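Below is one structure, written out as structure tokens; comments come after it.
Derivation of every value follows stated rules applied to the coordinates shown; laboratory data play no part. Every value quoted in this text rests on a predicted model; they were computed, and no experiment measured them. Ideal geometry is used to build each Cβ from the backbone, glycine not excepted, and the neighbour counts take in all protein chains shown.
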Ligand code: SF4
């Protein structure tokens, strides 16, 4: 398995953990979605894979990349993991680039200084990568500054940079959320193409369940640091089992559905909200007394699993 996260718990001083016993896998050539509201812990999972958590964070469980335990790695192995095996694509391409450095510098500096490649080779690779991500006239792009490129072109540059070291695993953290709809579609098509061509595994993080269902092979739904439902993407969309997943789908506009949008009532819990039972109980229309006091365990349902007392035999 390319990525294996096993019972990962991350605590950082709140009354509840940021992540609680999260387990998931990503295989080669597979796109796995991670969906949830802000503060659900999605990005903490991505940062755990690169061991980029705050020093005060207390971490337990295991994160294995190509069989190597990230949490036990020494400095050199960690550098290799971050510089070549795993690449991260962030939400806003403009924040990933230095506005006073040319695109060519952005693409080649990491290859030269981190990967130790000769400058001429790094430049040739940068040209190849820009062509691979569909940029016209790569020579001219290398000489340009970020402000001279559109958001879509910048995201292509960021994807090219993420591919520079030949990673096995891409972490796309809200990689299309800051883009307009047409640029988002272009970027998704690009990500899918490079992922398929290179046989990469991808952890695709988004707050948009419809997008995840359309783009990913499998989807995990995260709530308050806990995975509440995991299932093949198409099945999740067609037949959600957990009340939170059902709520997420019901509150997304759908032109083909004449029913009014039904928001999930209430707010997601903060890190200072502790609970003994189901974390979704304060917002769940089906909650009972048992939900307040007993934490539900994942129950196999359809082709996946969901953690809800309603599904227990
Ligand atoms: Fe709702 Fe209870 Fe299921 Fe939680 S366990 S989602 S509160 S019915």
Select from 246, 55, 121 the residue whose mean-square fluctuation is largest in a Gaussian network model of the chain (Cα-Cα springs shorter than 10 Å).
55
Note the angle between two axes, namely the Cα long axis of helix 151-163 and the longest principal axis of the Cα atoms of the chain, as a number of degrees from 0 to 90, rounded to the nearest 10.
80
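Only bridges whose two residues both fall in region 120-241 count here: according to DSSP, what percent of them are antiparallel, nearest 5?
Looking only at bridges with both residues in region 120-241, the antiparallel portion is about 55 percent.
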Where does each of 169, 211, 8 land when they are ranked from fewest to most other beta-carbon atoms within 10 angstrom?
211, 169, 8
Expressed as a whole number of Å, what is the distance separating the alpha-carbon centroids of region 75-151 and region 213-239?
32
Mind checking the angle between helix 181-198 and the chain's longest principal axis? C-alpha axes, 0 to 90 degrees, to the nearest 10.
80
Anyone know which of 298, 285, 167 comes out most mobile in the 10 Å Cα GNM of the chain?
285
Which values of log₁₀ I(q)/I(0), to two decimal places, follow from the Debye formula for the chain at q = 0.08, 0.11 Å⁻¹ with a uniform point scatterer at every Cα?
-0.39, -0.72
For region 1-85, what is the convex hull volume of its Cα atoms per residue in Å³?
96
Which of 160, 124, 196 moves most in a GNM of the chain, Cα contacts under 10 Å?
124
So how do 69, 92 line up by other beta-carbon neighbours within 10 Å, fewest first?
69, 92
Given a cut-off of under 8 Å on Cα pairs at least six residues apart, what relative contact order in percent is computed for the chain?
22
One would report the antiparallel percent of DSSP beta bridges in the chain, rounded to the nearest 5, as 60
Least to most buried among 168, 38, 293, by other C-beta atoms within 10 Å and fewest first, runs 38, 293, 168
On the first, second and third principal axes, largest extent first, how far apart are the outermost C-alpha atoms of region 192-313 in Å?
50, 34, 33
Please give the direction-averaged projected area of the C-alpha convex hull for region 52-129, in square nanometres with one decimal.
7.1
For region 170-313, give me the percentage of DSSP beta bridges that are antiparallel, rounded to the nearest 5 percent.
75
Region 293-313 and region 35-70: distance between their alpha carbon centers, rounded to Å:
24
